[in-house]
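Accompanying notes for the structure given below.
The values are calculated or read from the model by the stated rules, or taken from the named source; none is laboratory data. All values reported here derive from a predicted model rather than from experimental measurement. Neighbour counts are summed over all protein chains in view; Cβ atoms, including those assigned to glycine, are modelled from backbone coordinates with ideal geometry. Heavy atoms of the whole protein, side chains included, go into the accessibility calculation; ligands, DNA and RNA do not. Shrake-Rupley method; radii C 1.70, N 1.55, O 1.52, S 1.80 Å.
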Amino acid sequence: MNKEINILNSNRNDITDAESLRQLEFIEKARDYVSDKEKELGRKLTACVVTFGCQMNARDSEKLLAILRLVGYEESESENADFVIYNTCTVRDNADQRVYGRLGACSNFKKKNPHMKIALCGCMMQEQTVIEKIKKSYRFVDLIFGTHNIYKFAELLCTCLESDRMIIDIWKETDKIVEDLPVLRKYPFKSGVNIMFGCNNFCTYCIVPYVRGRERSRSPRDIVRECEKLVADGVKEVMLLGQNVNSYGLDFKDDDPNKISFPELLEEVCKVEGLERIRFMTPHPKDFSDELLDVIERNPKIARHIHLPLQSGSTEILRRMNRKYTKDSYLALVDKIRTKLPDVAITTDIIVGFPGETPADVDETIDVVEKASFDNAFTFIYSKRTGTPAAGFPDQVPEEEVKENFDRLLKVVQETARKQSEKLTGVTEKVLVESVNEQDSSLVTGRLSNNTLVHFPGDESLIGEMVDVKLANCHGFYFTGERV
Ligand code: 5AD
Ligand code: SF4
């Protein structure tokens, strides 16, 4: 696996440049500390990064790991390490609970290794109640920071290594985007690329706008430049990341030469030579434009996969969720996509148990799943997030009823996904090989353009290669096949 660290050099001379240089100085400083400690202990120091949540967090963790490696830590899979950092998610309560559970277990390692440092960052840390709880019940934590100042991890790491006190640095908001920080990619052949940060939509159930702040787009030049560097470094597939990619660029002033739309940005990224596949996540159905469909149609490099979160099929629930589309307008959009791009897989997110949701509302959702023939759907049980409008809605649905509705929906989702997958049986498709199969090492696992997984005979040498595979057998949501 490719493990070298990229420091993307820049020609920009604005404030963010100065900041990234400052952070590189802190890396040097922390390196001295780590090397002194190595001499003292007579061994290498280890670091473990534990990631919860979405692709944004996965990308942030690649940045954290790069800094830890530059500072001199060896990567450890185990939390029995000298430095452990939890990059947290707070979209649903179960993610929070998992962090508290892991923290408790980690404190036992610290009892045996007193110079161990434990850090927390990410979305959950943007919530005041969480910080209070950690201050009170998890006194052994050494460093806490949030989503807006992750770029200064090197600096915070230095402070933490030099201090015995709990360091807490949480910002409410930022308008800053710091470019050119080191990154250590998990996969040599594919990478996430942030195109924007934050969300302005305020869906009533969702905590993201409160913990990730307002929308800030990176300049198209920085994005394209990052993609070019990634390709030069062996990357074949990028995923452009944003909470709502359709709002890309809307935060630039009208006379800013950077102001381009998301479809225009996609076309620019398609021009990057050597890049073979481009994905994006996530578009909001309320502002999915015809222009975007045109761009996808024109550019075979763009993956044949659109993730289009539905959340609910009931127009009344959608209104209360502040989603700004209706059941009919969503179905009309799906129709338009399927007509114009028949080979595109459409996947979705659905929430069950939003306040006031009745079994009849869930029937509406099931109706949309059947009519839209989703290729896959992630179904979530509604989780009440303190501070969001929906947390204050009076008619929270009893757990038993939610569970029943959830099971009813899941059955239809699985059935629909299976029917959609089966359609590809016997077809030959390009597959980007990702790994050796975990269960059977004579097989490798890869993904089609439409995101379907396929396992087929092969070895490690195929990882990162784009190969033609005949999809022989459908097993629900994945295929087994043969290379042709
Ligand atoms: N409860 C349950 N699911 C949620 N999501 C976001 N907020 C909540 C919540 N409070 C789901 C949405 C979103 C996905 C990333 O997480 O379906 O699309
Ligand atoms: Fe949350 Fe809605 Fe923003 Fe997505 S679009 S991050 S669901 S507020």
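For the residue pair F378 and D32, what label-to-label distance in nm results when each label sits 7 Å from Cα along the Cα-to-beta-carbon direction?
4.4 nm
What whole-number value in Å² describes the accessible area per residue of the stretch 428-483 for a 1.4 Å probe? Can you show the working numbers first?
Working: 2760 Å² over 56 residues.
Heavy-atom SASA per residue in the stretch 428-483 reads 49 Å².
Mind checking which lysines have their C-alpha under 25 Å from K39, skipping anything on the same chain fewer than 8 residues away?
K3, K29, K110, K111, K112, K117
Taking the Cα centre as origin and putting +1 on Lys and Arg beta-carbons and -1 on Asp and Glu beta-carbons, what dipole magnitude results for the chain, to the nearest 20 debye? Kindly include the intermediate steps, with their values, before the conclusion.
Numbers: 68 positive and 79 negative charges, 160 e Å.
Using only the charged Cβ atoms, the result is roughly 760 debye.
Summing +1 for each Lys or Arg and -1 for each Asp or Glu, what net charge is found among the other residues whose Cβ lies under 11 Å from the Cβ of D361? If you can, show how the numbers build up before the last one.
Numbers: positive: R320, K327; negative: E316, E357, D363, E364, D367.
With Lys, Arg at +1 and Asp, Glu at -1, the neighbours total -3.
Quick check on the stretch 110-252: take the gyration tensor over C-alpha atoms, sort the square-rooted eigenvalues as a ≥ b ≥ c, and tell me if it's rounded (a/c under 1.5), prolate or oblate.
Values: a/c = 2.39, a/b = 1.43, b/c = 1.67.
Oblate is the answer for the stretch 110-252, as a/c is 1.5 or above yet b/c matches or exceeds a/b.
List the pair-distance distribution P(r) of the stretch 369-484, using every Cα-Cα distance, as the percent of pairs falling in each 5 Å bin from 0 up to the bin containing the longest distance, rounded to whole percents.
Cα pair-distance distribution for the stretch 369-484, in percent: 2, 11, 17, 15, 13, 11, 9, 8, 7, 5, 2, 0.
From the phi of every residue in the stretch 96-101, what ³J(HN,Hα) in whole Hz does the Karplus formula 6.51 cos²θ - 1.76 cosθ + 1.60 yield, where θ is phi - 60° and glycine or proline is x?
Karplus values, whole Hz, x for Gly and Pro: 4, 4, 5, 5, 4, x.
Just how far, in whole angstrom, is the stretch 86-142 from the stretch 391-407 if you go by their alpha carbon centroids?
After rounding, the separation between the Cα centres reads 29 Å.
Over the stretch 36-186, give the accessible area per residue in Å² for a 1.4 Å probe, as an integer.
On the way: 6350 Å² over 151 residues.
On a per-residue basis, 42 Å².
Test of the criteria: in the stretch 385-484, which GluC sites (Glu not before Pro) are in a DSSP loop and have at most 12 other Cβ atoms within 10 angstrom of their Cβ?
E438
How large is the charge dipole for the stretch 335-421, taken about the Cα centre, if only the Cβ atoms of Lys, Arg (+1) and Asp, Glu (-1) carry charge, to the nearest 20 debye?
Working: 11 positive and 17 negative charges, 92 e Å.
The dipole of the stretch 335-421 has a size of about 440 debye.
Which of the cysteines in the chain are isolated, no other cysteine C-beta under 4.7 Å?
If one checks each Cβ against the other cysteines of the chain, C48, C54, C89, C106, C121, C123, C158, C160, C199, C227, C270, C474 turn up with nothing under 4.7 Å.
With a/c under 1.5 counting as rounded, go ahead and sort the stretch 187-303 into rounded, prolate or oblate using the C-alpha gyration tensor (a ≥ b ≥ c being the square roots of the eigenvalues; past the cut-off, prolate if a/b is larger than b/c, else oblate).
Values: a/c = 1.61, a/b = 1.48, b/c = 1.09.
Prolate is the answer for the stretch 187-303, as a/c is 1.5 or above and a/b outweighs b/c.
Taking the convex hull of the alpha carbon atoms in the chain, what volume per residue do you get, in Å³?
Numbers: hull volume 75.7 nm³, N = 484.
Expressed per residue, the convex hull around the Cα atoms of the chain is 156 Å³.
DSSP beta bridges in the chain, what fraction antiparallel, as a percent rounded to 5? Write down the numbers at each step before the final one.
Working: 23 of 65 bridges.
Within the chain, antiparallel bridges account for around 35 percent of the total.
Could you state, as a whole-number percent, how many of the C-alpha pairs of the stretch 314-363 are farther apart than 12 Å?
Details: 840 of 1225 pairs.
Considering the stretch 314-363, 69 percent of its Cα-Cα pairs are separated by more than 12 Å.
What distance in nm separates the two pseudo spin-label positions at S435 and F393, each 7 Å out from Cα along the beta-carbon direction?
Calculated label separation equals 3.6 nm.
What number comes out for the charge environment of C89, summing +1 per Lys or Arg and -1 per Asp or Glu over other residues with Cβ under 15 Å away? Don't skip to the end; give the middle numbers.
On the way: positive: R59, R92, R98, R102, R212, R385; negative: D60, D93, D96, E127, D349.
Combined, the nearby Lys, Arg, Asp and Glu give +1.
For E273 paired with D164, estimate the spin-label separation in nm (one decimal), with each label point 7 Å from Cα along the Cα-to-Cβ line.
Taking the simple label geometry, E273 and D164 are separated by 6.0 nm.
Decide, for the stretch 12-169, between rounded, prolate and oblate: order the square roots of the alpha carbon gyration tensor eigenvalues as a ≥ b ≥ c, take rounded if a/c falls under 1.5, and otherwise choose prolate if a/b is larger than b/c, else oblate.
Numbers: a/c = 1.65, a/b = 1.10, b/c = 1.50.
Note, shape of the stretch 12-169 comes out oblate.
Pop the C-beta distance of N258 and R22 into the FRET formula with R0 = 25 Å and round what comes out to the nearest 0.05.
Values: r = 24 Å, r/R0 = 0.97.
Efficiency at R0 = 25 Å is approximately 0.55.
Counting pairs of Cα atoms in the stretch 425-476, how many percent are more than 12 Å apart?
Values: 773 of 1326 pairs.
Here the tail beyond 12 Å accounts for 58 percent of pairs.
Run the numbers on the chain and let me know its relative contact order in percent, using alpha-carbon pairs under 8 Å that are six or more apart.
In percent, rounded to a whole number, it is 10.
Rg over Rh of the stretch 83-158, using C-alpha atoms and the Kirkwood radius, what does it come to? Display every interim value, and only then the final one.
Working: Rg = 12.0 Å, Rh = 12.7 Å.
Rounded to two decimals, Rg over Rh is 0.94.
What percentages make up the Cα-Cα pair-distance distribution of the stretch 335-421 when the bins are 5 Å wide from 0?
3, 14, 23, 20, 16, 11, 8, 4, 1
For the stretch 428-483, what % of the accessible area comes from carbon and sulfur atoms, probe 1.4 Å?
Details: 1200 of 2760 Å².
On the stretch 428-483, the fraction of accessible area on carbon and sulfur atoms equals 43 percent.
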